[in-house]
Each structure stands twice: as C-alpha cells, then as structure tokens.
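*Asks:* Just passing along the structure, written as structure tokens.
The values are calculated or read from the model by the stated rules, or taken from the named source; none is laboratory data. This structure is a prediction, so every number in the text was calculated from the model and none was measured. Backbone-built Cβ (ideal geometry, glycine too); neighbour counts: all protein chains shown. Surface accessibility is based on the protein's heavy atoms, side chains included, excluding ligands, DNA and RNA. Shrake-Rupley method; radii C 1.70, N 1.55, O 1.52, S 1.80 Å.
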Amino acid sequence: RLQAHRDERARHRDTAEALRARSRELQEATSSRIRILGTVSHEIRQPVHALGMMVERLRIDPGTTEFRSQISDIGAVVRSLAHSLAMLLDISRLDAGTVNVKMGTESVRVLMDRLRREFAVDARRKHLMLDCSSTLDLKIETDIALFYNVLANFVSNAIRYTDQGHVKVYTSRKSEQELWVHVADSGRGIPDDM
C-alpha cells in the first residue's frame with residue numbers, strides 16, 4: 001500500500017512537471033507571437049503612412065514633374081506592405097497548422113533574377129548596390145512560393161535597414177544535398193529588441 005502511495009505521488013510529480021514545462025512553452029510561444037506581431041504591425045504602419053503621404057502629395061499637385069519617380073516610390077511602398085502582410089498571413093497559417101506545402105522545382109538563378117527585378121527600385125531609391133547572383137546553376141526542390149517569400153523578406157529587411165553600401169544575395173554549396181542562400185548587407189542590422 002505504501003508503494004502504491006509512492007507511485008501515485010511520483011505520477012503526480014511527473015504530471016505537475018510536464019504541466020509546468022508545457023506552460024513555459026506556451027508562455028514562450030505567446031511572447032514570441034507578441035514580439036512578431038509588434039514588429040509586423042510596425043512594418044505595416046510605416047509603409048501605410050508613407051503611402052498616404054505620397055498619394056496626398058500627388059492629389060495636391062497632380063501635374064508635378066516628379067510624377068514618374070513618385071509612382072515608382074508608391075510601387076516600392078506597396079511591395080513592402082505586401083511582403084509584411086504576406087509574412088503576417090504565413091505566421092498565422094503556420095501557427096494554425098494550415099500551411100499546405102506544394103513541392104516544386106526551380107532554378108536558383110531564376111529566383112535570383114526575380115529578386116533582382118523585384119527589389120531593384122527599392123535599392124536604387126536608397127542608392128544601394130543590389131547584387132543577387134549565383135555562381136551555381138542548380139535547381140532546388142522545395143515549396144517555391146514559401147521559400148521565395150522567406151528570401152524576399154530577408155532582402156526587404158536588408159534594404160530597409162541599410163542606409164548606404166550594398167545588399168548582396170549569393171549561394172554556396174555545403175554538400176552535395178545542401179545549398180545555402182546568404183543575404184549580406186552593410187547596414188546597421190535589426191535591433192535586438194525587435
């Protein structure tokens with residue numbers, strides 16, 4: 001009887017410890033979500049505010065000679081906003097476990113060309129040198145849309161937090177089955193508290 005009592009106490013102890021561990025995991029996940037949502041809301045507020053100011057400037061003076069450059073600026077802000085919203089939706093889908101992975105194959109060089117085209121205006125606006133290239137002519141097999149969104153988010157942030165110099169995206173091969181894509185910049189980086 002004494003042994004049964006000890007066994008029961010041990011089970012209660014194990015259950016209590018498992019509950020405490022799960023509670024810590026949930027608290028960390030909640031804190032992480034709050035930080036991510038804070039960052040994303042900041043990332044969304046800035047371009048929305050900039051977009052409003054640009055549109056108002058065009059409304060007040062629609063005949064401005066800077067019309068073309070302002071349209072390019074508006075396009076860059078809209079792309080930035082779209083990336084932030086896509087990131088928020090991806091986070092919510094990952095959190096809900098509803099991400100459907102669609103495997104596909106794509107050339108690394110095609111992805112680099114797409115990045116270069118998409119972010120050329122943003123980089124030019126900040127007088128940054130943007131270099132997206134791969135010496136490796138390889139195809140990767142992954143969910144191309146998800147992979148590209150992650151990569152584009154890194155490039156977008158690199159441009160956003162770099163005031164002068166360059167943003168460089170390049171590849172290296174770690175093994176026969178492992179390809180690394182690097183995003184390097186000469187910027188100040190993202191503060192630790194974000």
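*Asks:* Residues being modelled with pLDDT under 90 and open to solvent by less than 50 Å² (accessible area, probe 1.4 Å): count how many of those fall in the range 121-137.
*Replies:* Selection size over the range 121-137: 3.
*Asks:* Let me ask another. What number of residues in the range 96-120 are among the aliphatic types (A, V, I, L, M), assigned to a helix (DSSP H, G or I) and open to solvent by less than 60 Å² (accessible area, probe 1.4 Å)?
*Replies:* 5
*Asks:* A further question follows. Of (1) free of Cβ contacts under 8 Å to residues at least 40 places away in the same chain; (2) under 25 Å from SER186 (Cβ atoms), ALA76 satisfies all except one. Which?
*Replies:* Of the numbered conditions (1) free of Cβ contacts under 8 Å to residues at least 40 places away in the same chain; (2) under 25 Å from SER186 (Cβ atoms), the odd one out for ALA76 is (1).
*Asks:* Cβ-Cβ distance below 9 Å, separation of 6 or more or different chains: which pairs start in the range 119-137 with a residue that is without any contact (Cβ under 8 Å) to a residue 60 or more places away in the chain and at positive phi and end on one that is loosely packed, with under 13 Cβ neighbours inside 10 Å and in a loop (DSSP other than H, G, I, E, B)?
*Replies:* Final answer for the pair search is HIS127/GLN164.
*Asks:* Can you find even one residue in the range 73-84 that is of a type in the set (D, E, K, R), surrounded by fewer than 16 Cβ atoms within 10 Å (Cβ to Cβ), at pLDDT 70 or above and not in a loop (DSSP other than H, G, I, E, B)?
*Replies:* no
*Asks:* Test each condition in (1) within 30 Å of ASN100 (Cα to Cα); (2) touching a residue at least 40 places away in the same chain (Cβ under 8 Å); (3) under 17 Å from the mean Cα position of the chain (by Cα) for PHE154 and report the one that comes out false.
*Replies:* (2)
*Asks:* Just checking, how many residues over the range 138-149 are closer than 20 Å to LEU81 by Cβ and loosely packed, with under 15 Cβ neighbours inside 10 Å?
*Replies:* Residues in the range 138-149 being closer than 20 Å to LEU81 by Cβ and loosely packed, with under 15 Cβ neighbours inside 10 Å: 1 in total.
*Asks:* Being in a loop (DSSP other than H, G, I, E, B) and either surrounded by 14 or more Cβ atoms within 10 Å (Cβ to Cβ) or in contact with a helix residue (DSSP H, G or I) (Cβ under 8 Å, 6 or more places away or on another chain) (or both) narrows it down to one of THR162, THR171, so name that one.
*Replies:* Only one candidate qualifies: THR162.
*Asks:* Here's another thing I want to ask about it. If the requirement is being modelled with pLDDT of 75 or more and over 29 Å from the mean Cα position of the chain (by Cα), which of these qualifies: THR64, THR15?
*Replies:* Going through THR64, THR15 in turn, just one is modelled with pLDDT of 75 or more and over 29 Å from the mean Cα position of the chain (by Cα): THR15.
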